[in-house]
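Novice: Got a structure for you, written out below as structure tokens; questions coming shortly.
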Amino acid sequence: MIAAFTLDRRQVLLGGGALIVGFSLRGAAAQEAASPAKRPGSLATTPYLDSWIRIDADGRITVFTGKAELGQGIKTALQQIAAEELDVSFEAVELVTADTKRTANEGYTSGSHSMQDSGTAIRHAAAQARELLIAQAAQRLNQPADSLRAENGAVIAPDGTRLGYGELIAADILHVEAQPSSKLKDPASFKVMGRPIPRVDIPAKVTGGAAYVQDMRLPGMLHARIVRPPSYGATLTDVDGAAIEKMPGVVKVVRNGNFLAVVAEKEFQAIKAMLALAAAAKWQEHPQLPAERGVRELLTNLPSRDMTILNVSDPSVSGLRSIEATYTRPYQAHGSIGPSCAVAQLVDGAMTVWSHTQGVYPDRQAIAEMLQLASDSVRVIHVEGSGCYGHNGADDAAADAALIASLIPGRPIRVQWMREQEHAWEPFGPAMLTQAKASLDAEGRIADWHFEVWSNTHSMRPGGAGCLLAAQHKAEPVAEPAPKPLPLPEGGGDRNAIPIYAFPNAKVVHHFISQMPLRISAMRSLGAYHNVFSIESFMDELAALAGKDPVEFRLAHLKDQRARDVVQKAAEAFGWAQDQKPPAGRGYGFAFARYKNLAAYCAIASEIEVISDTGRARLVRAVAAVDAGQIVNPNGLINQIEGAIVQSSSWTLYESVTFDDTRITSIDWQTYPILRFSAVPDTIDVHLIDRPGEPFLGSGETAQGPAAASIANAVTNAIGKRLRDLPLTRQRIRAAIEA
Amino acid sequence: MMSLKINGQDHQVDAEPDTPLLYVLRDDIKLNAAKYGCGLGQCGACTVIVDGNAVFSCVTPILLLKDKEITTLEGLGTIEKPAPIQRAFMAEQSAQCGYCIPGMMMRAQALLQRNPNPTDQQIRAELAPHLCRCGTHMRILRAVHRAAEMMTRADAGDQGGTL
Amino acid sequence: MTLSARIGLIIAAALIVLGAAAGALAWRPAIAAIEPPNPRSFDPELVRRGRQLVALGNCTDCHTVRGGQEFAGGLPVVTPFGTVFSTNITPDPETGIGRWSEQAFQRAMKSGVDRAGQHLYPTFPYDHFTHVTDADDRALYAYLMTRRPVRAPAPANHLTFPYDQRPLIAGWKLLFLQRDEVTPDPAKSTVWNRGAYLVQGLAHCGACHTPRNALGAERTAASFAGGQAENWVAYALNAASPAPVPWTEDALFDYLRNGWQKDHGVARGPMAQVVNNLSLVDDDDVRAIAAYTADIFGPPAAGRIQGAEAVRAEAAKPRSGPPQTSASTSAPKASGPDSTEGAAIYVAACASCHETGRALPYVGVDLHLSTGINAPDPRNVANTILYGLAARNGERSPIMPGFAASMTDAQVTALLNYLRATFSKQPPWSNIAQTVADARQAQAAFLQTAAEPPNIAIHTSPRGQP
């Protein structure tokens, strides 16, 4: 469901009310190929060119994206795209990111969609703007358009006459709807795209510039801290805030139902007051967590809605030897290094919120609903925060700040969560269970494949106030909306559950579980992390059964040439050999996936070292090959893949959320340990396969699953035993060695 | 009122003596580089240099800092005139979100002041108190090596390194 | 030169004479080199048993250096006589023990002589290992010979004359090496006897927990009266124990099994390494060590039991959250020039974690229960304040930031005085400033060479307050 709608530029600039958008998590890009008449990327939902590009009379160029910089380098990449198609220098473009008053509604910055949605839209909008400017010049000069060329911010005639873009823009020529197709530049002529242009955000970040919402200091700003309940569902029975209000610098103690907060002039005053308030608060807790139950027992005992999402059969092929296996993944945390933060200010009944949310428009709607304001009275502006790997506490912190700001009109309110609050209250990546069963035919090829996945939804993003902690905790709580499975082809718990390999008989079932014992939502790659871990582990188990080399075995089932290319590239660059034998205590592993079966391709070969006494495993070396279509910024792409491999290795080897029957017990870096420098790999090599002229393929999440599976396969190669429960802790590895 | 020497300047600070340095830097001196990450000395995002040594500013009350020289990332160089360690991190594009990076840079700077030619092993050991969640570790290591080279060459009269 | 060192020198000179006189003893024949045995020739069950024994013997910690390979040696061990580097005990034929026969290995364990016949320095604790049974030696040998061979020559020792003269060691052995076996006590339980065998032998607990004489030998008359390791005090394990709450067998078992115990806090320094190794050992042997050690402590005197009750009650008092201003929940009792400064530092830098009411082991022990603060020597507390507890990669483990870079010696001294006066009933410590200066130096070196951060790995996450 993608509602076509018209966006009036003036309304956009005024933050007007026309932007009630039926956005869809499926986005536009997924269907781009299917219906050629559709406008490309986010132009499908925001078709006016001047929603994307503004050129002032002085020639200044501003490009607008509804996506947000999350540290993934999107600002730089989008600026490259715009500069390239507009035929201006990289520096000539100013980029404005997600802001409900200024930019298009592009939903969430998630799912590796930014390049596919916004990059594609900006590229086409810029190309069309360039053509319109040339047409305008042709008219003025009374010369045929095809005799003119655009160069460095001007249209140039054969006789050398130059008309600057600023001169040409006079009329509202960009206030037109985009055409479905554009005259895109030939990749061979690229000057800005395809180059490793340094990221625009890094200089401020490494010199102490104001780079994050955490760094905002508005005049008259106050600092707030929240006192969260000690556990889910706890109710505040008693608190005496009077003594706290007398503490130095304290401006206000806020109590609204189970929402408790303190506001002070200075940040450390707020922290001290928060600690005192927390000590004074009495809570009634309710044991409701499934302590001591393993993932398998937990998920199979919850009711599920079962959906068969793939069912193909070829009765002429049948298997002879079959195996089955079960894989689990625990709840895991985003664990941004900087806890969530937001600033909010109510002025004349209008609320402005600065937030590192991934979705300014949905967040605006949720906050407006919580405060019972009209949505055009709320403006949400994206400001970068600490690393974003999905739906963390950003939206909740924005709601906290807004709720408090609504009580202290005029003063900007800055809220930052404490480390323990971030760890205990962020929505986790859901626990998952998968079961795989397959059989081999006489030639050792997979004849029959059966795969089932049990999971919660993978998005409880604000689709309404009920998703926000502040709205859940306030005196008249807003009920949390019922969770929904995310639709295929992208999917949620079933993301990448459908194998990319060609099997004659295959059935895949998604068991959607609506009960959510722990607070969960989207975490980088959603279900793909566990599904790819499972499928690619199982492929190795089947290769072993068939007596085949894991890379050969994969290639034997892969038809997609681009998939074959990345597999071969990674294997070759790693030095993968059929008869390879790692040194004692080492293991080699391989894995491959195409993210969502429609975004970037990624194959990874890993070398692991295992200390058999302690079971401690370390990723020593990883080699990745990636095909993300046309490459915009190779260095940025490599950075994403390197980072994903390192992050996934931490998830895979160490991480799990812990809890007892009432509380989350992993509440800091002592209790939720992640990778430290002592275990960082010796080398990571990323090989890019550029596909000039091909569409951009989302790549920010493509390595999470393959990295996990290649590590698991390498551990098996090292110790001769298969581990199927994440994380592959040293205790589990040691137990497997001993068994 | 307490007097603190920060980046070569004396500041009269109106904060309780038990206030951690981090909040004085951010709230009173309006500096951005030192970041709140955990407040517990577990992640390193708040690291600054005190008398040549890396210190977690989030667990360092200012009452400990009388007569000590405090250096933050802002004190090393500016966006216009970046210090070698800053140029090295830019050159290696050693950040994704970048939130942990200033702390890493300060500990690396302290290491390089003490040991201009650290081995890879020594850099890894030195950075063990620091967490990065985006996974930019490989680039951070490269940047510290590059900074070491740049600083060694700068000592030899060469400005060293390009962006 | 200190008095003890001077006495040591005199004795050493005498020992050389003695050693030379005992010529036959000083000279030991080489045992023929063998072709390194095929790892597959060892019974896997024997290897498995050997691994537990290696963990009990803490072999890894001395024979592995930071950044080096496991068992490849190279760790500098600082002694009053100079620095001895641990050797490579991987089966590398040239630089390790690959050419050692089982007989050669056994001789090294029993009498501290290497394959070539050279005397080994007693930093290798053969005064304990001599008690290890032949069967256990066989398992240890099987385990070590099935490790990955690593080529790593041991660095040369830095010893001052005359301690660099190996024949001297023969004299030392004549005086201090008791080769008799640990004889079972039929009056005691099997568990106790197993514990006695392990504690006196392979686990070599006395190597740290028994004081040493001027020649670096354990003073057998003062067994388990407290010693030291890597500039950490290894507390007395007998009636002189400074622990505010007396140890029991169950408490010892919990501590050795988990690395922490509710009345005593977490293991750190070299003891953390011991506990991490014990995590590879079966419950039975840990229980045996606890049982025997509890017996060494003996039943606590009535006064200690009462004291423990008082301390427990103090520790159990509800904390009203972290102290808000300068008034701690524990009113400063210290007096003197730096007591105010110490109190202020405690409130600002320590209480924010130690008085949050969060459960052990992820927050510091209530300091009323601290053995370190009640011990005669402030070294362990100084070490902890300066260097904290470093995080372990990918492991749940308590983390405490160190204050070496932010506190001056004077500030640490003021804090130590405050802690002593506030959280113990013991007399003030003396010579604190020197202890702090020594701790700074010694711990910095220890932390740079230890293969793993000296901190415990934890398997469970007790409840915390979000």
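Novice: Rounded to whole Å, give me the distance from the Cα center of the stretch A:476-492 to that of the stretch A:147-195.
Specialist: One Cα centre to the other: 43 Å.
Novice: Using only alpha carbon positions, build the gyration tensor of the stretch A:563-650, then give the equivalent ellipsoid semi-axes as the square roots of 5 times its eigenvalues, largest first, whole angstrom. Kindly include the intermediate steps, with their values, before the conclusion.
Specialist: Details: eigenvalues 132, 49, 22 Å².
Listed largest to smallest, the semi-axes of the stretch A:563-650 are 26, 16, 10 Å.
Novice: So how far apart, in nm, are the two label points at B:ASP120 and C:THR79 if each is 7 Å from Cα heading toward Cβ?
Specialist: 3.6
Novice: How big is chain C by Rg and Dmax over its Cα atoms, in Å?
Specialist: Cα-based Rg and Dmax for chain C come out at 23.1, 72 Å.
Novice: Separate question: Pairs of alpha-carbon atoms within less than 8 angstrom and 6+ residues apart define the contacts here; what relative contact order does the stretch A:284-359 have, in percent?
Specialist: On the way: 23 pairs, mean separation 14.4, N = 76.
19 percent.
Novice: Rank B:ALA147, B:ALA54, B:ALA125 by mean-square fluctuation in a GNM of chain B with C-alpha springs under 10 angstrom and give only the top-ranked residue.
Specialist: Of B:ALA147, B:ALA54, B:ALA125, the Gaussian network model singles out B:ALA125 as fluctuating most.
Novice: Whole percent per 10 Å bin, from 0 to the bin with the longest distance: what is P(r) over all C-alpha pairs of the stretch A:281-384?
Specialist: 10, 20, 18, 26, 14, 8, 3, 0
Novice: Okay, moving on. Spin-label point model (7 Å from Cα, Cβ direction): what's the A:THR235 to A:GLU91 distance in nm?
Specialist: Roughly 6.4 nm, to one decimal.
Novice: Rg and Dmax in Å for chain A, alpha carbons only: what are they?
Specialist: 26.6, 84
Novice: Using amide H atoms built in the peptide plane, which far-off residues or other-chain residues are under 5 Å from A:GLN358 H to H?
Specialist: When sequence neighbours closer than 5 places are left aside, there are no close amide H contacts.
Novice: With an 8 Å cut-off on Cα pairs and a minimum separation of 6 or more residues, tell me the relative contact order of chain B in percent.
Specialist: On the way: 276 pairs, mean separation 37.3, N = 163.
Contact order relative to length: 23 percent.
Novice: Stokes-Einstein at 20 °C, 1.002 mPa s, Kirkwood radius from Cα pairs: D for the stretch C:3-176 in µm² s⁻¹? Provide the component values of the computation, followed by the final result.
Specialist: Working: Rh = 16.8 Å.
In µm²/s, the coefficient rounds to 127.
Novice: Once amide H atoms are built 1.01 Å from N in the peptide plane, which residues 5 or more positions from C:ARG212, or in another chain, come under 5 Å H to H?
Specialist: Residues meeting the amide H criterion: C:ARG219.
Novice: Working from the pairwise distances between different alpha carbons, so that the mean of 1/r is found and then inverted, what is the stretch A:449-596's Kirkwood radius in Å? Could the numbers behind the result be given before it?
Specialist: Numbers: mean 1/r = 0.0561 Å⁻¹.
By the Kirkwood definition, the hydrodynamic radius is 17.8 Å.
Novice: For the stretch B:2-73, treating each Cα as an identical point scatterer without solvent, what Debye log10 I(q)/I(0) comes out at q = 0.19, 0.28 1/Å?
Specialist: Reported log10 I(q)/I(0), two decimals: -0.64, -1.53.
Novice: Next up: Restricting things to alpha carbons, tell me how big the stretch C:302-449 is in terms of Rg and Dmax, in Å.
Specialist: Rg then Dmax for the stretch C:302-449, in Å: 15.2, 44.
Novice: Here is a follow-up. Return an integer: the convex hull volume of the alpha-carbon atoms of chain B, in Å³ per residue.
Specialist: On the way: hull volume 17.5 nm³, N = 163.
In chain B, the Cα hull volume divided by residue count equals 108 Å³.
Novice: Follow-up. The stretch A:121-260: Rg/Rh from Cα coordinates, Kirkwood Rh? Don't jump to the answer; show the numbers that get you there.
Specialist: Details: Rg = 28.4 Å, Rh = 21.5 Å.
Ratio of gyration radius to Kirkwood radius for the stretch A:121-260: 1.32.
Novice: Per-residue HN-Hα couplings for the stretch A:624-633, Karplus 6.51 cos²θ - 1.76 cosθ + 1.60 at θ = phi - 60°, whole Hz, x for Gly and Pro?
Specialist: Working through the residues one at a time gives 10, 10, 9, 10, 10, x, 5, 8, 8, 9 Hz.
Novice: Please quote Rg/Rh for the stretch B:84-155 to two decimal places, taking the Kirkwood radius as Rh and restricting both calculations to Cα atoms.
Specialist: Details: Rg = 10.9 Å, Rh = 11.8 Å.
Result: Rg/Rh = 0.92.
Novice: Report, in whole Å, the centroid distance computed from the Cα atoms of the stretch C:338-360 and the stretch A:270-325.
Specialist: Spelled out, the Cα-based centre of one part sits 40 Å from the other.
Novice: Could you list the square roots of 5 times each eigenvalue of the Cα gyration tensor of the protein assembly as shown, that is, the equivalent ellipsoid semi-axes, sorted largest first and rounded to whole Å? Display every interim value, and only then the final one.
Specialist: Numbers: eigenvalues 643, 286, 181 Å².
In descending order, the three semi-axes are 57, 38, 30 Å.
Novice: Rounded to the nearest 500 deg cm²/dmol, what is the calculated helix-only ellipticity per residue at 222 nm for chain A, with -39500 (n - 2.57) per DSSP H run of length n ≥ 4?
Specialist: Values: 19 runs with 198 residues, N = 739.
So the helix-based figure for chain A works out to -8000 deg cm²/dmol.
Novice: Given the -39500 (n - 2.57) contribution per DSSP H run of 4+ residues, what per-residue ellipticity at 222 nm results for chain C, rounded to the nearest 500 deg cm²/dmol? Walk me through the intermediate numbers first.
Specialist: Working: 20 runs with 197 residues, N = 466.
Taken over chain C, the calculation gives -12500 deg cm²/dmol.
Novice: Give the residue list of trypsin sites (Lys or Arg not before Pro) in the stretch A:472-569 that are DSSP loop and have at most 11 other beta-carbon atoms within 10 angstrom. Don't jump to the answer; show the numbers that get you there.
Specialist: On the way: sites: A:LYS474, A:ARG495, A:LYS507, A:ARG519, A:ARG524, A:LYS548, A:ARG554, A:LYS559, A:ARG562, A:ARG564, A:LYS569; in loops: A:LYS474, A:ARG495, A:ARG519, A:ARG524, A:LYS548, A:LYS559.
Hits after loop and neighbour filter: A:LYS559.
Novice: Please list the non-local residues whose amide H lies under 5 Å from the amide H of C:VAL233, H modeled 1.01 Å from N, same-chain partners needing a gap of 5 or more.
Specialist: Those qualifying (amide H under 5 Å, at least 5 residues apart or on another chain) are C:ASN380.
Novice: Could you tell me what fraction of 2.2 N^0.38 Å the Cα radius of gyration of the stretch A:617-739 comes to, as a two-decimal ratio?
Specialist: Here the answer is 1.23, to two decimals.
Novice: To continue, here is another question. Based on the Cβ-Cβ distance from A:ALA577 to C:ASP282, what FRET efficiency comes out when R0 is 41 Å, to the nearest 0.05?
Specialist: On the way: r = 41 Å, r/R0 = 1.00.
Given R0 = 41 Å and the Cβ-Cβ separation, E is 0.50.
Novice: Now, a different point. Hey, if you drop one equal point scatterer on each alpha-carbon of the stretch C:110-233 and run the Debye formula without solvent, what base-10 log of I(q)/I(0) do you get at q = 0.10, 0.11, 0.16 Å⁻¹?
Specialist: -0.38, -0.47, -0.97
Novice: Okay, moving on. Given an 8 Å cut-off on Cα distances and at least 6 residues of separation, report the relative contact order of chain A as a percent. Provide the component values of the computation, followed by the final result.
Specialist: Numbers: 1777 pairs, mean separation 98.1, N = 739.
It comes to 13 percent, rounded to a whole number.
Novice: Here's a follow-up. Calculate, for C:ALA359 and A:LYS191, the FRET efficiency according to 1/(1 + (r/R0)^6) with r their C-beta to C-beta distance and R0 41 Å; round to the nearest 0.05.
Specialist: Details: r = 61 Å, r/R0 = 1.49.
Here the calculated transfer efficiency is 0.10.
Novice: How big is the gap, in Å, between the Cα center of the stretch C:79-154 and the Cα center of the stretch C:242-300?
Specialist: Distance between centres, Cα-based: 28 Å.
Novice: Then there's this: Mind pulling the per residue volume of the convex hull built on the Cα atoms of the stretch A:351-494? Å³ is fine.
Specialist: Numbers: hull volume 21.1 nm³, N = 144.
Convex hull of Cα atoms, per residue: 147 Å³.
Novice: Can you run phi through the Karplus equation (6.51, -1.76, 1.60; θ = phi - 60°) for the stretch C:427-436 and list ³J(HN,Hα) in whole Hz, with x for Gly and Pro?
Specialist: x, x, 6, 10, 6, 5, 4, 5, 4, 5
Novice: Tell me, what ³J(HN,Hα) does each residue in the stretch A:271-286 have, in order and in whole Hz, if you take phi through Karplus 6.51 cos²θ - 1.76 cosθ + 1.60 with θ = phi - 60° and put x for Gly and Pro?
Specialist: Whole-Hz 3J(HN,Hα) from phi for the stretch A:271-286: 5, 4, 5, 4, 5, 5, 5, 4, 5, 7, 7, 10, 10, 9, 9, 10.
Every number here is computed from the coordinates shown, using simple stated rules; none is lab data. All values reported here derive from a predicted model rather than from experimental measurement. We place every Cβ from the backbone using ideal geometry, glycine too, and count neighbours over all the protein chains shown.
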